[in-house]
Amino acid sequence: METVKAIKFTARCYALIVSDTRRLLVMKERWRGVDLNKLPGGGLELGEGLLECLNRELREEFAHFEPCQWSHLHTPSHFFTSQFRPDEQLLLNYYKAVAPVNEQRWALNPEESENLLGIEWLSLRKENRSWFTLESDRDAFDKLVALYD
């Protein structure tokens with residue numbers, strides 16, 4: 001068992017949004033000077049529920065998007081800390097959009113262009129798991145791909 005060194009606890013919520021062409025919406029983002037290939041989403045704020053967090057993050061990150069209904073896909077059950085803040089334990093929650101979306105209706109918020117570097121639509125193929133920077137996103141991607149196999 002890993003020695004617990006975290007002194008802070010943070011919940012985060014991420015969206016797996018599949019288009020009507022069976023491609024996944026993914027983002028390129030700069031966080032603390034590091035470029036990441038990741039899923040849309042972010043940290044829970046005080047007084048906010050998980051789905052409220054997810055919907056707020058989408059409103060912040062995208063100038064244009066389709067509102068989604070969500071289904072829980074994955075929450076890792078093991079302990080781990082943030083790569084960027086080793087004193088912070090993370091609880092990650094991954095939700096899948098229930099219905100497919102139209103890719104043309106999604107665009108990043110230009111006001112966030114300093115950190116949000118771009119979006120792509122990634123094919124749901126097992127070999128694309130390596131596109132993601134973070135292992136937890138890779139695991140969620142694997143679970144999503146298994147739904148479409």
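Annotation: of all residues in region 11-38 being surrounded by fewer than 15 Cβ atoms within 10 Å (Cβ to Cβ) and of a type in the set (Asp, Glu), the one that is nearest to residue 81 (Cα to Cα) is 35.
For residue 146, the stated conditions hold: it is part of a helix (DSSP H, G or I), exposed (fewer than 15 other Cβ atoms within 10 Å of the Cβ), without any contact (Cβ under 8 Å) to a residue 60 or more places away in the chain and small (Gly, Ala, Ser).
Residue-wise test of (1) closer than 26 Å to residue 98 by Cβ; (2) touching a residue at least 60 places away in the same chain (Cβ under 8 Å).
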residue: 8; (1), (2): no, yes
residue: 42; (1), (2): yes, no
residue: 57; (1), (2): yes, no
residue: 60; (1), (2): yes, no
residue: 64; (1), (2): yes, no
residue: 70; (1), (2): yes, no
residue: 73; (1), (2): yes, yes
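Close Cβ contacts (under 8 Å, 6 or more residues apart or on different chains) running from residues in region 120-142 that are on the phi < 0 side of the Ramachandran plot to residues that are small (Gly, Ala, Ser) comprise 121/19; 138/130.
Of the listed requirements (1) at pLDDT below 95; (2) part of a strand (DSSP E or B), residue 15 misses just one: (1).
Of the residues 36, 92, 108, 16, the single one that is over 15 Å from residue 141 (Cβ atoms) and touching a strand residue (DSSP E or B) at 6+ places or on another chain (Cβ under 6 Å) is 108. Of the residues making up region 18-38, those that are in a loop (DSSP other than H, G, I, E, B) and either in contact with a Leu (Cβ under 7 Å, 6 or more places away or on another chain) or at pLDDT 95 or above (or both) are 20, 21, 22.
Does residue 50 count as modelled with pLDDT of 95 or more, out of contact with any Pro (no Cβ under 6 Å at 6 or more places or on another chain) and closer than 19 Å to residue 136 by Cα? So residue 50 passes the test.
The values are calculated or read from the model by the stated rules, or taken from the named source; none is laboratory data. Computed from a predicted model, the values in this text were never measured in an experiment. Note that each Cβ is placed from the backbone with ideal geometry, even for glycine, and that neighbours are counted across all protein chains shown.
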